[in-house]
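Here's the structure, in structure tokens; my notes come after.
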Amino acid sequence: MDWNDTQEQATFRTQVRSLLDSKLPQRYVDMGKEVHQRERPWENDRKSEDPEARKAAEDWMAALSGEGWAAPHWPKEYGGGGLKPMEQFILNQELAQAGAPTVGGSGVSLLGPALIVHGTEEQKEKYLPPIMKGEVTWAQGFSEPGAGSDLAGLQTRAVRDGDEYVINGSKIWTSAAHLSDCLFALTRTDPDAPKHRGISFLMIDDIKTPGLSIRPIIDMANGHYFNETFFEDVRTPVSNILGEENRGWYVGMTLLDYERSNIAGAVGSRKELMALINYLGTDDGKYRSHLGKRETGMRAEIADRYIETEVMFQFSFRVISMHNSGQLPNYEASTSKLFNSELNQRLARTGSQMFGLYGALWSEREAGDYVPVSFAGDYVQSVPATIRGGTSEIQRNIIATRGLGLPRG
Ligand SMILES: Cc1cc2nc3c(=O)[nH]c(=O)nc-3n(C[C@H](O)[C@H](O)[C@H](O)COP(=O)(O)OP(=O)(O)OC[C@H]3O[C@@H](n4cnc5c(N)ncnc54)[C@H](O)[C@@H]3O)c2cc1C
């Protein structure tokens with residue numbers, strides 16, 4: 001298999017690099033030099049109190065939108081890039097390599113594609129352009145305290161009252177809701193129907209709608225990333241339903257993450273490992289003295305991580321080559337997701353072990369002179385990736401049953 005770019009792909013890669021060279025705001029150039037990836041930097045900057053951060057978010061959105069690359073997978077008629085799968089892959093690879101943030105959040109990655117397939121013309125005209133301009137961002141209200149892996153068991157009720165739905169219930173793990181302007185949610189509109197058939201997909205186009213409240217969840221890395229969302233008689237017009245009433249499950253399932261190759265994850269893991277290798281390779285012995293007799297074992301462990309990061313690239317290439325030939329990756333995408341999220345944990349564990357007790361320091365600032373990068377903080381932050389978008393256990397179920405044909409339990 002030849003993974004080198006074709007002439008056409010090489011030209012496209014050059015175009016992406018040239019945009020990065022000329023238009024990536026300095027703030028993101030600097031962020032790109034950090035080994036650890038931040039969560040949703042563009043969305044945070046967009047709502048930041050720091051005018052420079054807000055400007056960086058605006059400028060980068062405008063630069064990407066100008067090329068149609070803010071939403072590379074959307075058709076051109078809706079302001080997207082209409083890019084072929086391989087071009088999307090190259091774009092994501094180059095953005096990740098530069099540490100440049102993706103833009104548009106869940107509006108670009110999730111709602112937009114569902115609107116394009118299921119939305120009315122009025123809905124598309126109203127909701128797609130503000131997403132593309134970075135004027136409006138959306139949060140995803142799917143999971144509930146009793147419905148995560150078994151999402152179809154969701155209980156949040158929407159009852160029709162004239163021209164409106166009235167929503168009551170709660171959602172959990174709503175990422176970035178505190179930074180979002182609007183929220184889309186799966187709600188139960190027919191409690192008597194079989195569970196997949198009584199669900200509707202509703203758009204609440206103002207997150208400040210009366211009755212809607214958001215409570216932060218502080219995660220174990222002490223960050224505010226997700227939230228609980230409560231609905232008390234929240235009203236939304238019937239015209240804000242996406243698709244048909246009680247068919248929302250199928251609309252929700254259209255919200256596939258189009259970046260299924262996980263190339264950004266593969267690039268991130270390789271960058272992190274290389275930083276560790278470079279550091280240990282040029283070390284004056286000060287830190288390696290912590291290793292003592294463990295050095296041989298740790299060297300072998302780094303070799304294992306190196307093999308795994310290379311394997312991760314192969315998984316990414318496999319998924320993208322399937323997209324490219326018109327096939328829909330299924331258990332292959334699960335393999336890539338599972339492997340990458342668990343690799344991040346192994347990598348962070350290896351990194352922190354290299355530095356003995358200093359390896360337990362959480363932040364680069366705290367670690368100061370002792371540890372070049374904080375792997376302990378990264379270890380804690382790497383846990384959610386094995387849960388979001390389907391837990392590792394669910395991915396293993398998919399690989400075992402759909403991939404390997406084993407019987408369901
Ligand atoms: C970082 C992050 C961001 C998220 N963002 C959002 C968001 O924006 N919007 C949103 O709606 N949700 C979001 N989620 C929620 C996410 O979708 C759920 O956490 C996930 O689907 C798992 O559901 P749960 O937490 O209820 O766990 P459960 O489904 O209750 O699972 C608990 C445990 O049981 C295991 N388990 C469950 N079923 C099976 C089975 N059939 N076989 C084997 N093991 C099983 C699971 O693997 C897990 O270990 C986010 C989660 C994370 C971590």
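With axes computed from alpha carbons, what is the tilt in degrees of helix 51-67 against the longest principal axis of the chain, rounded to the nearest 10 within 0 to 90?
With rounding to tens, the tilt is 80 degrees.
Taking only the Cα atoms of the chain, how large is their convex hull per residue, in Å³? The partial results should precede the final answer.
Working: hull volume 66.4 nm³, N = 409.
That works out to 162 Å³ per residue.
If you wrap a convex hull around the C-alpha atoms of region 7-103 and split its volume per residue, what is the figure in Å³?
Working: hull volume 9.4 nm³, N = 97.
With only Cα atoms used, region 7-103 gives 97 Å³ per residue.
Taking the chain as the reference, fit the longest principal axis to its C-alpha atoms, fit the long axis of helix 263-282 to the helix C-alpha atoms, and give the angle between the two in degrees, 0 to 90, nearest 10.
Orientation of helix 263-282: about 20 degrees from the principal axis.
Assign unit charges at the C-beta atoms only (+1 for Lys and Arg, -1 for Asp and Glu), then state the dipole size of region 30-157 relative to its Cα centre in Debye, rounded to the nearest 20.
Values: 13 positive and 20 negative charges, 43 e Å.
Approximately 200 debye in magnitude.
Using helices alone, what [θ] at 222 nm do you get for the chain, with -39,500 (n - 2.57) per DSSP H run of 4 or more residues, divided over all residues and rounded to the nearest 500?
-13500 deg cm²/dmol
Pull out the extension gain between LYS195 and ARG160, defined as 0.36 nm times the separation in residues minus the alpha carbon to alpha carbon distance; nm, one decimal.
Working: separation 35, 0.36 × 35 = 12.60 nm, distance 1.84 nm.
Roughly 10.8 nm would be gained on extension.
Would you kindly state how much longer the chain becomes between GLU49 and LEU357 on full extension, computed as 0.36 nm times their sequence separation minus their alpha carbon distance, in nm to one decimal? Display every interim value, and only then the final one.
Numbers: separation 308, 0.36 × 308 = 110.88 nm, distance 3.68 nm.
That works out to 107.2 nm of additional length.
If you take the charge dipole of region 138-252 about its Cα centre, with +1 on Lys and Arg Cβ and -1 on Asp and Glu Cβ, which of LEU183, ALA147, TRP249 is farthest toward its positive end?
Of the candidates, ALA147 comes out farthest on the positive side.
Applying the Karplus parametrisation 6.51 cos²θ - 1.76 cosθ + 1.60 with θ = phi - 60° to the phi angles of region 98-113, what ³J(HN,Hα) value in whole Hz is obtained for each residue in order, glycine and proline being reported as x?
Those phi angles translate into 7, x, 7, x, 7, 10, x, x, 5, x, 6, 7, 10, 5, x, x Hz.
Which order do the peptides 49-58, 149-158, 262-271 come out in when sorted by mean C-beta neighbours inside 10 angstrom, highest first?
Descending mean neighbour count gives 262-271, 149-158, 49-58.
Sorted by average packing, counted as other Cβ atoms within 10 angstrom per residue and highest first, what order do 25-32, 60-67, 118-125, 2-9 take?
Details: 25-32: 16.5, 60-67: 18.9, 118-125: 13.9, 2-9: 9.6.
Top to bottom by mean Cβ count within 10 Å: 60-67, 25-32, 118-125, 2-9.
If you take every residue apart from TRP69 with its C-beta less than 11 Å away from the C-beta of TRP69, what net charge results, scoring Lys and Arg +1 and Asp and Glu -1?
Numbers: positive: LYS23; negative: GLU67, GLU87, GLU94.
Charge balance near TRP69 sits at -2.
Mind giving me the nanometre distance, one decimal, between the label points for ILE218 and ARG13, set 7 Å out from Cα along Cα→Cβ?
Inter-label distance under the simple model: 4.5 nm.
I'd like to compare 182-190, 79-87, 346-354: which one has the highest average count of other Cβ atoms within 10 Å, and what's the full order after that? Intermediate values should be presented prior to the final figure.
Values: 182-190: 24.1, 79-87: 18.8, 346-354: 21.1.
Descending packing order for the listed peptides: 182-190, 346-354, 79-87.
Label GLU77 and GLN314 with points 7 Å out from Cα along Cα→Cβ: what is the distance between them in nm?
Here the modelled spin labels are 4.2 nm apart.
Skipping prolines and chain starts, which residues have an amide H placed within reach, meaning under 5 Å, of the one on LEU212, given they are 5 or more residues away or on another chain?
GLU232
Using a simple charge model, +1 on the beta-carbon of Lys and Arg, -1 on the beta-carbon of Asp and Glu, nothing else, what dipole does the chain show about its Cα centre, in debye to the nearest 20?
Values: 44 positive and 55 negative charges, 194 e Å.
The calculated dipole for the chain is roughly 940 debye.
When the accessible area of the chain is computed with all protein chains present and a 1.4 Å probe, what percentage of it is carbon and sulfur? Let's see the in-between values first.
Numbers: 10160 of 19980 Å².
Looking at the chain in its full context, I get 51 percent from C and S.
By a straight-distance test (C-alpha under 27 Å), which lysines pair with LYS208 as possible cross-link partners, with residues fewer than eight away in the same chain excluded?
LYS47, LYS55, LYS124, LYS126, LYS133, LYS171
Given R₀ = 30 Å, FRET efficiency for ASP2-MET274 by Cβ-Cβ distance, to 0.05? Don't skip to the answer; put the middle values down first.
Details: r = 24 Å, r/R0 = 0.81.
For ASP2 and MET274, the calculated efficiency is 0.80.
Using a cut-off of 9 Å between beta-carbons, work out the net charge of the residues near SER392 (Lys and Arg +1, Asp and Glu -1, SER392 not included).
Working: positive: LYS337, ARG396; negative: GLU342, GLU393.
That sum, taken over residues with Cβ under 9 Å, equals 0.
If we count every other residue with Cβ under 12 angstrom of ARG346's Cβ, Lys/Arg +1 and Asp/Glu -1, where does the sum land?
Values: positive: ARG305, ARG349; negative: GLU272, GLU301, ASP304, GLU308, GLU342, ASP378.
Local charge sum for ARG346: -4.
The values are calculated or read from the model by the stated rules, or taken from the named source; none is laboratory data. Bear in mind that the values here come from a model prediction, so they are computed numbers and not experimental data. Note: ideal-geometry Cβ built from the backbone for every residue, glycine included; neighbour counts use all protein chains shown. Just the protein is used for accessible areas: all its heavy atoms, side chains included, with ligands, DNA and RNA removed. Shrake-Rupley method; radii C 1.70, N 1.55, O 1.52, S 1.80 Å.
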